[in-house]
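Take a look at the structure below.
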Amino acid sequence: MITTPYGPFENDGPLILASGSPRRKELLSNLGLNFKIIPSTLDEPAPDAGEAPSQYAQRMATMKTLDIARQQQKHSPVIGADTIVVLNQRIMGKPVDKEDALHMLMALSGKTHQVITAFCLALAPNDVTTHSISTDVTMRFSRKSELEKYITTGEPLDKAGAYAIQGIGAFLITSIAGSYTNVVGLPVSSILDTLLTKKIIRVRSSK
């Protein structure tokens, strides 16, 4: 059970994060919530022909969330998410190897792309809310030698688009337009609004 007692929000009942991402764990725990981590292990299928990137991200987030929600005997709220990098409507997932990572980073260099994170909240397998948030990210022009050296750190190899804005890869970024936490992997403001609206969480008591 993850708990951060000093955050501004709290929850009484159990909450499940269907992701093993340490970035998502940190962002959610910073709110002050108690939750369990039960990652979905489903393989992610490729986008369908003609499927919009935001629709694909929502489909993946919903798939992961329901995978865990359907395993629960007692229906605890489950949050799942999926983050993709999109350049000119081309979806970039995690690189398969170092060469693939270099191709991705060279394609993104000097351009503006979109990071889309979709999240899904399942109160029960038949009670699902899904949203997606898009953030524009502009990258500086980086030399091939810089990108090759960055790849040797190992950071790009398990990241969508082959970079981490919150890590070493911050040097790649010129500016962003939109939610920063969305690029990290969880649109905190949107998730917070959803959890408050659904009365899953509340402002922490002053007692």
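Take the residues in region 125-146 that are in contact with a helix residue (DSSP H, G or I) (Cβ under 7 Å, 6 or more places away or on another chain) and closer than 30 Å to Q71 by Cβ, then tell me which one is modelled with the lowest pLDDT.
P125
Looking at region 57-70, which of the residues that are of a type outside the set (A, V, I, L, M, F, W, C) and farther than 9 Å from A118 by Cα is modelled with the lowest pLDDT? Give the derivation first.
Residues of region 57-70 of a type outside the set (A, V, I, L, M, F, W, C): 58-59, 62, 64-65, 67, 70.
Of the ones still in play, those that are also farther than 9 Å from A118 by Cα are 64-65, 67, 70.
Values: K64: 97, T65: 97, D67: 96, R70: 92.
Of everything passing the filter in region 57-70, R70 is modelled with the lowest pLDDT.
Given the structure, is I176 surrounded by 20 or more Cβ atoms within 10 Å (Cβ to Cβ), at pLDDT 95 or above, in contact with a Ser or Thr (Cβ under 7 Å, 6 or more places away or on another chain) and not in a helix (DSSP H, G or I)?
Working: surrounded by 20 or more Cβ atoms within 10 Å (Cβ to Cβ): no; at pLDDT 95 or above: yes; in contact with a Ser or Thr (Cβ under 7 Å, 6 or more places away or on another chain): yes; not in a helix (DSSP H, G or I): yes.
No.
Within region 23-55, count every residue that is part of a helix (DSSP H, G or I) and over 22 Å from I165 (Cα atoms).
Of the residues in region 23-55, the ones part of a helix (DSSP H, G or I) are 23-29, 53-55.
If we keep only those that are over 22 Å from I165 (Cα atoms) too, we end up with 55.
Residues meeting the conditions: 1.
Can you tell me which of (1) in contact with a Leu (Cβ under 6 Å, 6 or more places away or on another chain); (2) surrounded by 19 or more Cβ atoms within 10 Å (Cβ to Cβ); (3) among the β-branched types (V, I, T) is the one T129 doesn't meet?
It is condition (2) that T129 fails.
In region 99-120, which residues are assigned to a helix (DSSP H, G or I) and among the charged types (D, E, K, R)? Can you show your working first?
Here is the first cut: in region 99-120, the residues assigned to a helix (DSSP H, G or I) are 99-108.
Within region 99-120, E99, D100 meet the criteria.
The values are calculated or read from the model by the stated rules, or taken from the named source; none is laboratory data. Since the structure is predicted, the reported quantities are computational estimates derived from the model, not experimental observations. With ideal geometry, Cβ positions are generated from the backbone for all residues, glycine too; neighbour counts draw on all protein chains shown.
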